[in-house]
Amino acid sequence: MSWIPSILLRPRPGLLIALGSSALGGAAYGFSKPNSRSDTSLNPHSFTPYTLVDKQPVSSTSAIFTLRNRYGGPDPDSVKEGWKRSIWSVQVKQPQLQIARAYTPLPPPSFMPREDNEGPEDIRLLIREEEGGEVSTYLHRLPEQSTVELRGPNTECELPHNIKEVIFLAGGTGIAPAMQIAQAMARRTDSRMHILWANRRREECIGGTNDGGEITNAIVQGRLDWWKNILGLGQPATEQTLVESHTTQGKGVLVQELDVLKEKSKAHTKGLSVQYFVDEEKKFIQPGDVARRLHIGEPEAKGSKVILVSGPDGFIEHWAGKKHWEGGREVQGSLGGVLGQMDLNGWSVFKL
Ligand SMILES: Cc1cc2nc3c(=O)[nH]c(=O)nc-3n(C[C@H](O)[C@H](O)[C@H](O)COP(=O)(O)OP(=O)(O)OC[C@H]3O[C@@H](n4cnc5c(N)ncnc54)[C@H](O)[C@@H]3O)c2cc1C
């Protein structure tokens, strides 16, 4: 799922054609049916109206959008199944331009998607506002209670049942698919998962504590702020307010959700660990960070361990080499990048 925009063209009114969407593991959208049916449930053929009920800032450029099915139509089985073993996305429409982009739903806050048929689960999307980006800018400007139209689900990749260990290299909003997989792995007895999450700026993951007892950046920041105040060099009020409004008890919203995921994972699995890397702090994921995790745990049956790489194109290329286009579909291409030069000890690699 390289973050290549899926662009919808409009050959004639009412007929949208999706181009450039990731089509791995059975992503099943291509040609859409005319949007004449008023579907009440999320479906891959036509857009279903949702209401934007909440927009929770994560940082100065990203927010979690909570969308509620306007008609309360039940979630399709594909969504319920998707939560168990897939990375999946939905398309969001920009109605004025008749274009759409893919976004990856975050797990429900309870991390236990509904099994009953009582009604649809709210869909939560982590959306970064791209400078000059057509759809993300449009969405960030929408006030609460606006209508947002969704189509899907689209399966990006399925995690086979025998996968027991996952190393997930996530860049920026690539944390959304990592969280999908983390909640699916939390149900797999004796599984283990490591997330290595890289961000350009600390504001995306304030208070993220590296497992293994590293000092938290929240504490470091707290001490720096204290000294700055003593020396009269405090942050300007607006910047201070921004940081405060994005955190609770010194932790960003995604860091808190990852903490909850870690707790939930303890029940049945060998654990979920999360490591935070921040460019502006000169902390980058190193090959050694991956290599160390390749050898944790017992030797498992071949094919039970996978490294997933998700994020901006440059991030995927750096770690695993370029994906390619073949016959209008995006395919894995050969393994390159840093992982291509490492002894992976039987782990397979999948580029998202
Ligand atoms: C399967 C999948 C899942 C995804 N999940 C998420 C997710 O969970 N969260 C998320 O935030 N994103 C996600 N994305 C990315 C998302 O789909 C969009 O690509 C992203 O939001 C940018 O779309 P946009 O319309 O705002 O920007 P676009 O209009 O597509 O522009 C993107 C960037 O290119 C620049 N640009 C556009 N046109 C030109 C040009 N002619 N010349 C030079 N520069 C140009 C823009 O300024 C902008 O910076 C996902 C993508 C895929 C394929």
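Only counting other Cβ atoms within 10 Å, I'd like K264, K351, K84, K305 sorted with the fewest neighbours first.
Ascending Cβ contact count within 10 Å gives the list K84, K264, K305, K351.
Show the residues, 5+ positions off or on another chain, whose built amide H is closer than 5 Å to the amide H of T269.
Long-range HN contacts for T269: D190.
List E203, E130 from most exposed to least, where exposure is judged by having the fewest other Cβ atoms within 10 Å.
Ranked by crowding around the Cβ, least crowded first: E130, E203.
Once you put a point 7 Å from the Cα of K84 and another 7 Å from the Cα of E134, both along the Cβ direction, what distance in nm separates them?
3.8
Quick check on the exposure proxy: order K164, K322 from fewest to most C-beta atoms within 10 angstrom.
Ascending Cβ contact count within 10 Å gives the list K322, K164.
Straight-line reach from K84: which lysines have Cα under 25 Å away, leaving out those fewer than 8 places along the same chain?
Within the straight-line limit of under 25 Å, K84 reaches these lysines: K164, K262, K264, K266, K270, K302, K305, K351.
Excluding T104 itself, what net charge comes from residues whose Cβ is under 13 Å from its Cβ, given Lys and Arg +1 and Asp and Glu -1?
Taking every other residue near T104 into account, the sum is +2.
Chymotrypsin sites (Phe, Trp or Tyr not before Pro), restricted to segment 263-327: which are DSSP loop and have at most 15 other Cβ atoms within 10 Å?
Those satisfying the criteria are F284.
Any read-out appearing in this document is the output of simple, stated calculations on the displayed coordinates, not a laboratory observation. Because the structure is a prediction, the values reported are computed rather than measured. A quick note on method: Cβ atoms are made from the backbone with ideal geometry, for glycine too, and the neighbour counts reach across all protein chains shown.
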